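What follows is calculated from the coordinates using simple rules that are stated; it is not laboratory data. Everything quoted here is computed from the prediction, not taken from an experiment. Because the Cβ atoms are built from the backbone with ideal geometry, glycine has one as well, and the counts that use them run over all protein chains shown.
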Amino acid sequence: MKLITGGGALALALTMSTAQAVNQEIRALFQPDPAQPSKNAFINQTPSSGYCVSFPLKCAENNMFSIELPVRYSSNRALIPGDGVSLQVPAGWRQLTVTNADTGETEAVELRITGIGSDFVLSDSASSLSGAPNNREGHDNLWNSYGWLYAPAPCLGSGLAGFGSHSYRFFWHTPVEASCTKTALFRIPSMSFDKFDFAYELKTPNPLGMSSGLYTGSITYTLGPGGDFHMGHMMEPDDSQLTLDFVLDVQHTLKVDLPPGGDKVSLEPEGGWARWIEGGRKPTRIFRDQLFYLSASSRFKVLMLCNSTGGTACKLGSPKGDTTEVEVFLTLPPGISGSGGNVNRLPLRFNEWAGPFQPGIYVDRKPGTLHFEMTPFAINFLLQPGKNDRLRGNVTIIWDSEA
């Protein structure tokens with residue numbers, strides 16, 4: 001049986017290049033789960049950083065992941081009363097292609113940014129800038145609609161924030177791709193967003209239809225005024241591009257187990273040989289249904305090899321020179337389909353691949369059957385008066401996940 005599985009450790013890679021761009025790896029893994037066979041989804045393996053590290057329970061409630069990037073946006077002039085600081089991110093779905101380097105197969109991945117946050121830093125304390133008696137009131141009085149805990153429409157607040165005398169930690173949800181603007185009510189000599197966080201949502205392909213291995217691809221966003229990640233027209237970043245490098249790791253299962261002694265198949269009539277030996281009643285069937293247990297999470301194919309001149313027949317023989325033929329049929333567990341639906345007593349042909357067969361869900365050690373049966377012609381030829389012999393032969397069934 002030939003199996004291919006993806007490998008590699010799960011890791012977060014974050015690098016800066018001299019071309020003023022930042023790269024971030026996003027990794028997701030599919031492994032079939034016997035406890036949840038119908039769960040055909042990738043699991044995000046990218047460690048959270050930034051907001052979700054500070055507020056893990058809040059992110060867990062919303063099934064949200066955040067990444068903090070070392071990109072600093074700084075004001076290129078003082079902010080005066082009436083200046084708006086508008087945040088806008090690529091909240092709409094965008095598509096990229098990931099490719100399996102071993103097979104050349106491609107799949108589509110979709111991504112949208114669902115939240116944006118940062119820790120902004122002011123040139124002076126919030127209290128001194130707004131004239132408030134303390135920094136809490138100072139932050140609330142410095143902007144229209146209070147502090148940055150309260151997200152302007154169409155953004156939504158996360159319900160959590162933190163502040164210092166010169167800084168304010170915030171995070172907003174971005175349900176649509178539109179500007180969310182806070183307007184300064186007092187003069188601010190300078191302001192910067194020290195790093196920024198973003199949350200994201202993925203739409204990944206159905207892993208049951210993918211081959212094992214690593215699928216990689218990238219998508220690039222622009223940073224800065226008028227770009228994909230816009231933090232205000234006067235706010236300029238120290239990097240101009242963000243590239244997200246995707247790695248989808250598909251680790252399929254294909255395993256066939258035989259019960260003890262299942263590799264030795266004895267053909268006999270229904271009820272045994274007694275009727276033939278004692279009464280001479282020729283059996284109408286000589287066969288054996290051999291049980292096996294299959295675990296499969298991706299498409300596969302099956303090949304039969306034996307002593308054959310072709311077609312569905314495999315030859316059995318003896319040192320006396322007697323020969324006969326046996327045919328092999330395949331029944332697969334429910335949940336796995338072939339070209340005509342469920343696979344029930346499908347005839348296998350010598351040296352010809354059968355399939356591909358496609359699991360609709362992860363099939364975990366479910367029973368299937370190999371049916372070995374002699375043809376009526378072979379029975380008549382073998383069971384002639386005076387014959388007393390034992391015929392043997394080898395039949396090899398190959399299961400291949402490279403369908």
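Computed about the Cα centre, the dipole magnitude for the chain is approximately 1520 debye when only Lys and Arg (+1) and Asp and Glu (-1) carry charge, each at its Cβ.
Note on region 14-250: Kirkwood hydrodynamic radius from all Cα pairs is 19.0 Å, rounded to one decimal.
Note on region 254-400: Rg/Rh from C-alpha atoms, Kirkwood Rh, equals 1.01.
Annotation: amide H-H contacts under 5 Å for VAL22 (H modelled 1.01 Å from N, sequence separation of 5 or more, or interchain): GLN241, LEU242, THR243.
When the Cα gyration tensor is reduced to axis lengths a ≥ b ≥ c, the ratio a/c is 1.5 or higher for region 166-236, and with a/b above b/c it is classed as prolate. In loop segments of region 63-106 as defined by DSSP, the trypsin sites (Lys or Arg not before Pro) with at most 14 further C-beta atoms inside 10 Å of their C-beta are ARG77.
Once Lys and Arg get +1 and Asp and Glu get -1 on their Cβ, which of PRO283, ILE397, GLY226 lies farthest toward the positive end of the dipole of the chain? So the residue furthest toward the plus end is PRO283.
What the Cα atoms of the chain give is an Rg and a Dmax of 33.3, 116 Å.
Short-range pairs are left out: with C-alpha atoms under 8 Å and at least six residues apart, the relative contact order of the chain is 20 percent.
In the chain, the DSSP beta bridges split such that about 90 percent are antiparallel, to the nearest 5. Among GLU270, GLU325, GLU68, the residue with the largest mean-square fluctuation in a Gaussian network model of the chain, with springs joining Cα atoms closer than 10 Å, is GLU270. The stretch between LYS195 and TYR146, if pulled fully straight at 0.36 nm per residue, gains 15.4 nm over its current Cα-Cα span. Once Lys and Arg get +1 and Asp and Glu get -1 on their Cβ, which of ALA378, GLN45, GLY138 lies farthest toward the positive end of the dipole of the chain? So the residue furthest toward the plus end is ALA378. Calculated [222 nm] ellipticity per residue, helices only, for the chain: -1500 deg cm²/dmol; basis is -39500 (n - 2.57) per DSSP H run with n ≥ 4, divided by all residues, nearest 500. For LYS301, a cut-off of 12 angstrom between C-alpha atoms picks up these aspartates and glutamates, skipping any fewer than 8 places away in its own chain: GLU352, ASP400, GLU402. Given +1 at the Cβ of Lys and Arg, -1 at the Cβ of Asp and Glu and no other charges, the dipole of region 184-294 around its Cα centre is 980 debye to the nearest 20. The phi-based Karplus calculation (6.51 cos²θ - 1.76 cosθ + 1.60; θ = phi - 60°) puts the 3J(HN,Hα) values of region 181-196 at 10, 9, 10, 6, 9, 9, 6, 10, x, 7, 8, 9, 9, 8, 6, 8 Hz, whole numbers, x for Gly and Pro. Given a cut-off of 30 Å, name the pairs among LYS58/LYS255; LYS39/LYS255; LYS255/LYS320; LYS255/LYS282; LYS58/LYS203 whose C-alpha atoms lie farther apart than that in the structure shown. LYS58/LYS255; LYS255/LYS320; LYS255/LYS282, as the Cα separations exceed 30 Å there. Only beta bridges with both residues in region 257-403 are counted; by DSSP, about 95 percent of them are antiparallel. Annotation for region 268-360: chymotrypsin sites (Phe, Trp or Tyr not before Pro) lying in DSSP loop with at most 11 further Cβ atoms inside 10 Å of their Cβ are TRP273.
Inter-part distance, region 62-112 to region 180-238, computed on C-alpha centroids, equals 3 Å.
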